[in-house]
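The values are calculated or read from the model by the stated rules, or taken from the named source; none is laboratory data. From a predicted model like this one, the values you see are computed outputs, not experimental measurements. Here the Cβ is made from the backbone with ideal geometry for all residues, glycine too, and neighbour counts use every protein chain on show. Calculation scope for accessible area: heavy atoms of the full protein, side chains included, ligands and nucleic acids excluded. Shrake-Rupley method; radii C 1.70, N 1.55, O 1.52, S 1.80 Å.
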Amino acid sequence: NSESLNIALWGGKVALHNLQVKSEAIESLDVPFSLASGVLGKLEVIIPWKNLFSESTVIRLSDLFILLRPRETEMKWNQQKHEQDVQKKKQNKLSSLEALKLEQRKKALADPEEEPKQERDKLSTRLVTRILENLQIYIDNVHVRLED
């Protein structure tokens, strides 16, 4: 249940078993396959809360079973359309980042007492960066089957 999961997470070690893989995970990759079924045998997360700056956060995925089928629609690969889609995604991401940056600049100019908040933001940014630098991901026993 969610309460015991929350307690285990704050304890630093969580293990989840027999998780269903969502079909959106494959669809988002834009491949000509659909997910018939998928199960992740074990997801284990170890978070060293007391030593986040110095120790590694560990994520272990094991026993991943995925069954794929060709998509039912007759899709022909269109390289030009694919490149346009990729370019459009990049443009959208760039636009949102520019809007966010502009908003941050406006806030910084409007509120001179923003300095302490910026220091907190720098600390959280350093913490997230350090966690990502120390992140270890282990993947064991991946089985992918394609059925026609």
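So which pairs qualify, if the first residue must be in region 124-135 and assigned to a helix (DSSP H, G or I), the second must be open to solvent by 60 Å² or more (accessible area, probe 1.4 Å), the Cβ gap must be under 9 Å, and the two must be at least 6 apart or on different chains?
Once the first residue is assigned to a helix (DSSP H, G or I) and sits in region 124-135, its partners that are open to solvent by 60 Å² or more (accessible area, probe 1.4 Å) give ARG126/PHE53; LEU127/PHE53; ARG130/PHE53; ARG130/SER54; ILE131/PHE53; ASN134/PHE53; ASN134/SER54; ASN134/GLU55.
Scanning for something open to solvent by 100 Å² or more (accessible area, probe 1.4 Å), farther than 30 Å from ASP148 by Cβ and under 19 Å from the mean Cα position of the chain (by Cα), does region 54-72 turn up at least one residue?
No, that holds for no residue.
Pairs, please: C-beta under 6 Å, at least 6 apart or cross-chain, first residue at negative phi and in region 11-33, second in a helix (DSSP H, G or I)?
VAL14/ALA8
Within region 119-129, is there a residue that is hydroxyl-bearing (Ser, Thr, Tyr) and either touching an Asp or Glu at 6+ places or on another chain (Cβ under 8 Å) or modelled with pLDDT of 85 or more (or both)?
Scanning region 119-129 turns up at least one residue that is hydroxyl-bearing (Ser, Thr, Tyr) and either touching an Asp or Glu at 6+ places or on another chain (Cβ under 8 Å) or modelled with pLDDT of 85 or more (or both).
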